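See structure below.
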Amino acid sequence: KLASREFHPANTVVDVDGVKIGDGNVVVMAGPCAVESREQLLEAAKIVKAGGAQFLRGGAYKPRTSPYSFQGLEEKGLEYLAEAREITGLKIVTEVTEVEAVNTVAEYADLLQIGARNMQNFRLLREVGRCNKPVMLKRGLCATIDEWLNAAEYIMNEGNSNVILCERGIRTYETYTRNTLDMSAVAAVKHLSHLPIIVDPSHGTGKWRMVKPMSFAAVAAGADGLIIEVHPNPAKALSDGPQSLTPENYAEVMKGVYKISDLM
Ligand code: PEP
Ligand code: MN
């Protein structure tokens, strides 16, 4: 299999327009869950940049649990992301939720995100596999590691080998946390695959207080990076406020992350 360590023993380093993921340095992607407005996004981008992250995240197409929740700004949101890149130099990672939007999202984004809900949307996987942009593939809500690696296989089999895996927690019987962050998946994937793996402690826990310890744990476990939700004012966020860091907390998490990565 294309994603397996047996097939390709050396670690794959994914180069996203000059930023390397999987080369031993920790790469951080941070930003709001959703692009809500130009002002919100540009404010978030400044905060993200100041903390030292290399990528700005922000959903323009949002896969929401309820159809009555904010669904995203779509192409307008992509325009704001491109403007934020222009101003800050940050790379852009954003989710694509449907086959029809792949080309549009690829025009604006540096890295395409496939969300947990679409991990087994095989047509979408094939479509991003045919596009010349790197892909960040989140683990499905209830996916085994084997199913997740097979999803990566769908993308790679179309000719796109620039795949980054993202552990974002899985559903278990535990209800205190939004998901159960499977930190052991980092070690498992490192053994089974040559692909880089990053961790999302925000969706992985659903609680901002747990983002710092889980970020530190992920780096210590050997993750190649982190994707973290940060909002200029989490209390006013249109989505995922309870798991979003304030600017102050984000700055503190970043300092610790780089200290731990220096030790590794
Ligand atoms: C997100 O990154 O905002 C998101 C929707 O994540 P997930 O697909 O992991 O739920
Ligand atoms: Mn979110």
Discussion item. Looking at the chain, identify the longest residue range that excludes and avoids all GluC sites (Glu not before Pro) in DSSP loops having at most 12 other Cβ atoms within 10 Å.
Written reply: 7-173
Worksheet, complete the sentence: Karplus ³J(HN,Hα) for the range 33-49 (6.51 cos²θ - 1.76 cosθ + 1.60, θ = phi - 60°; Hz, whole; x = Gly/Pro) runs 4, 10, 6, 9, 6, 4, 4, 4, 5, 5, 5, 4, 4, 4, 5, 4, 4
Item to complete: Give me Rg over Rh for the range 1-132, both radii from the alpha carbons and Rh done the Kirkwood way, two decimal places.
Response: 0.98
Practice prompt. In whole Hz, with x marking every Gly and Pro, tabulate ³J(HN,Hα) for the range 104-117 from phi via Karplus 6.51 cos²θ - 1.76 cosθ + 1.60, θ = phi - 60°.
Written response: 5, 4, 5, 5, 9, 8, 8, 9, 8, 9, 9, x, 3, 5
Fill in: Length-normalised contact order for the chain - Cα pairs under 8 Å, 6+ apart - percent
21
Worksheet item: Cα centroid distance between the range 74-108 and the range 185-228, in Å?
Response: 24
Practice prompt. For LEU245, list long-range residues whose amide hydrogen, built 1.01 Å from N in the peptide plane, is under 5 Å from its own amide hydrogen.
Written response: GLU229, VAL230, HIS231
Worksheet item: Tell me, what ³J(HN,Hα) does each residue in the range 198-205 have, in order and in whole Hz, if you take phi through Karplus 6.51 cos²θ - 1.76 cosθ + 1.60 with θ = phi - 60° and put x for Gly and Pro?
Response: 10, 10, 10, x, 6, 5, x, 10
Worksheet item: Under 5 Å between amide H atoms, partner at least 5 residues away or on a different chain: which partners does GLY225 have, H built in plane at 1.01 Å?
Response: VAL27, VAL199
Item to complete: Restricting things to alpha carbons, tell me how big the range 131-264 is in terms of Rg and Dmax, in Å.
Response: 15.1, 43
Response to the item:
For SER193, other-chain or 5+-apart residues with amide H closer than 5 Å (H placed, Pro excluded) are ARG5
Response to the item:
Those chymotrypsin sites (Phe, Trp or Tyr not before Pro) from the range 160-245 that are DSSP loop and have at most 14 other Cβ neighbours within 10 Å turn out to be TYR173, TYR176
Practice prompt. Only loop residues by DSSP count here, and only those with at most 12 other Cβ atoms within 10 Å; note down the chymotrypsin sites (Phe, Trp or Tyr not before Pro) in the range 21-109 that meet that.
Written response: TYR68
Response to the item:
Rounded to the nearest 5, the percent of antiparallel DSSP beta bridges in the chain equals 15
Item to complete: For the range 15-263, count the residues as N, evaluate 2.2 N^0.38 Å, and divide the Cα radius of gyration by that value, please.
Response: 0.90
Item to complete: Please give the calculated 222 nm ellipticity per residue for the chain, where each DSSP H segment of at least 4 residues contributes -39500 (n - 2.57) and the sum is spread over every residue; nearest 500 deg cm²/dmol?
Response: -11000 deg cm²/dmol
Fill in: Order of ASP262, ASP200 - criterion: other Cβ atoms within 10 Å of each residue's Cβ, fewest first
ASP262, ASP200
Worksheet, complete the sentence: Put in order of increasing Cβ neighbours within 10 Å, starting from the fewest, HIS203, HIS191, HIS8 give HIS191, HIS8, HIS203
Worksheet item: About its Cα centre, how strong a charge dipole does the chain have in debye, to the nearest 20, once Lys and Arg get +1 and Asp and Glu get -1 at the Cβ?
Response: 520
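FYI, it's all coordinate maths here, none of it is from the lab. Keep in mind that what you see is a predicted model, and the values were worked out from it rather than measured. So basically every Cβ, Gly included, is an ideal-geometry build from the backbone, and we count neighbours across all protein chains shown.
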